[in-house]
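One structure below.
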Amino acid sequence: MQVVRTRADLRAVLANAPRPLGLVPTMGWLHAGHVSLVERARAESATVVMSIFVNPRQFGEARDFEGYPRNEARDLAVAEAAGADVVFAPDVDEVYPSGFDTVVTVGAISRPLEGAARPGHFDGVATVVAILFALVGAERAYFGLKDYQQIAVIRRMALDLALPTEVVPCPTVREPDGLAMSSRNARLTPDGRIRAAVLHNALEAGAELVRAGAASGEAVRAAVRGALATEPGAVVDYVSVADPDTLAELETIDRRALLSLAVRIEGVRLIDNVLVG
Ligand code: AMP
C-alpha cells in the first residue's frame, strides 16, 4: 500500500494504475463501516484508493473539528488489511492551497435535515468530494447509506457537473445492539454508548408502524420522538419521515419513506436512518 500526501504524488501514482479504479473517501478513525466500503471497492476495482482527510470545511463548530478522533498509524494498518492500494492523506493546505476560492453548492436536496441543522456542511462536503473526484478520476466511489443525504447531494453534484465517477451507495454497518458504526461513537462514555442504542430502536419503532400500514407521517414522527423520550440522555435535533428522492417531509406515507434522525448523546451528535418500503 502506498501513502501519498500531495495532489501531485497522487496523480503520479494513479497515472498508470490498473483500472477500474475505486475511491473510498473517509475522515479516518476507521471502523467496520469504512472497511465494508473498501471491501466492496476491492471486489469491483483493480485499484482501490482511500482518502483520509478530516475536512475542516464541513464542520460548523471549530470544537467539533478539533475534537474529531484521529489516529493515522492505526488507520493505515486498517486500510491496508482491508485491501486499499493507495491512501491519500493530505494536509489541509494541500487540499485547499493558498488562494483556494471555490465552493460547490448543491441546491434543494442539500437544504433540509443535515443541511438545515448544519449550515455550510454540504458545501464543505461537495467541495472536497469534487476535488477528490477530479484528482482520482475513479470509475466508482463508495459511500455509506448512514449518511443518506450526503449520497443524494454527491449524486446530484456528479450528475450536474458531468463528473464521470459513479456513486455507489453501501449498506450501514451496525454494532450488535443496532447502533450505526461511527467515528463519533468513540467520544461516548461506556454509559453513553449503551444509551446511544436508542437511535436505532426509535427508528425501528417508527419503521414497524409504517410496515403495519400507518399512513400519517406525523404519527410516525411522533412515535419515533416518543421512543427517543424513553432515554433521558437523548437530546433530539430532528426526526424526519421524508420522501427518499426529494427529502421533503411526507404528510401521507403513500410511497417509500426515509425515516431519519439526529440526536445528541453526551453532547455527541449522532445520525441514523432507515428506508422503509
Ligand atoms: P466518515 O469517515 O464518517 O466521513 O465516513 C466515510 C464514509 O464511510 C462515508 O461514505 C460514510 O457514509 C461511510 N460510513 C460511515 N459509517 C458507516 C457505517 N456504519 N456503515 C457504512 N458506511 C459508513
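The values are calculated or read from the model by the stated rules, or taken from the named source; none is laboratory data. Because the structure is a prediction, the values reported are computed rather than measured. When we count neighbours, we look across all protein chains shown, and the Cβ atoms used for this are built from the backbone with ideal geometry, even at glycine. Remember, those area values only see protein heavy atoms, side chains included, never the ligands or the DNA or RNA. Shrake-Rupley method; radii C 1.70, N 1.55, O 1.52, S 1.80 Å.
Of the listed requirements (1) touching a residue at least 60 places away in the same chain (Cβ under 8 Å); (2) β-branched (Val, Ile, Thr); (3) open to solvent by less than 70 Å² (accessible area, probe 1.4 Å); (4) closer than 20 Å to residue 118 by Cβ, residue 239 misses just one: (1).
Residue count for the stretch 129-160 under the criterion of being assigned to a helix (DSSP H, G or I) and more than 10 Å from the ligand (Cβ to nearest atom): the result is 16. Under the condition of being within 27 Å of residue 183 (Cα to Cα), open to solvent by less than 70 Å² (accessible area, probe 1.4 Å) and not in a helix (DSSP H, G or I), the residues counted in the stretch 204-236 number 4.
Here residue 141 meets the list (1) buried (at least 18 other Cβ atoms within 10 Å of the Cβ); (2) more than 22 Å from residue 15 (Cα to Cα) almost entirely, failing just condition (2). Listed by position, the helices (runs of 4 or more DSSP H) inside the stretch 1-87 whose residues that are away from the ligand (no atom under 12 Å from the Cβ), on the phi < 0 side of the Ramachandran plot and of a type in the set (Lys, Arg) number at least 2 are 7-15. Among the residues of the stretch 39-66, the one identified as farther than 20 Å from residue 125 by Cβ, surrounded by 19 or more Cβ atoms within 10 Å (Cβ to Cβ) and hydrophobic (A, V, I, L, M, F, W, C) is 48.
Considering only residues of the stretch 178-203 that are away from the ligand (no atom under 16 Å from the Cβ) and out of contact with any helix residue (DSSP H, G or I) (no Cβ under 8 Å at 6 or more places or on another chain), which is least open to solvent (accessible area, probe 1.4 Å)? Quick ask: steps written out before the conclusion?
Taking the stretch 178-203 and keeping what is away from the ligand (no atom under 16 Å from the Cβ), we get 189-192, 194-195, 198, 201-202.
Of the ones still in play, those that are also out of contact with any helix residue (DSSP H, G or I) (no Cβ under 8 Å at 6 or more places or on another chain) are 189-192, 194-195.
Numbers: 189: 64, 190: 108, 191: 78, 192: 0, 194: 123, 195: 79 Å².
Within the stretch 178-203, the match that is least open to solvent (accessible area, probe 1.4 Å) is 192.
When the residues of the stretch 162-173 are narrowed to those that are in contact (Cβ under 8 Å) with a residue 40 or more places away in the chain and aliphatic (A, V, I, L, M), which ends up nearest to residue 49 (Cα to Cα)? Within the stretch 162-173, the match that is nearest to residue 49 (Cα to Cα) is 168. For the stretch 1-38, taking the residues that are among the polar types (S, T, N, Q) and open to solvent by less than 50 Å² (accessible area, probe 1.4 Å), the one that is nearest to residue 90 (Cα to Cα) is identified as 6.
Taking first residues from the stretch 18-32 that are within 11 Å of residue 49 (Cβ to Cβ) and free of Cβ contacts under 8 Å to residues at least 24 places away in the same chain and partners that are near the ligand (Cβ under 7 Å from one of its atoms) and open to solvent by 10 Å² or more (accessible area, probe 1.4 Å), no Cβ contact under 9 Å between residues at least 6 apart in sequence or on separate chains turns up.
Residue pairs whose Cβ atoms lie under 6 Å apart, sitting 6 or more positions apart in sequence or on different chains, and linking a residue in the stretch 174-189 that is closer than 20 Å to residue 52 by Cβ to a partner that is more than 11 Å from the ligand (Cβ to nearest atom), are 184/268; 187/268.
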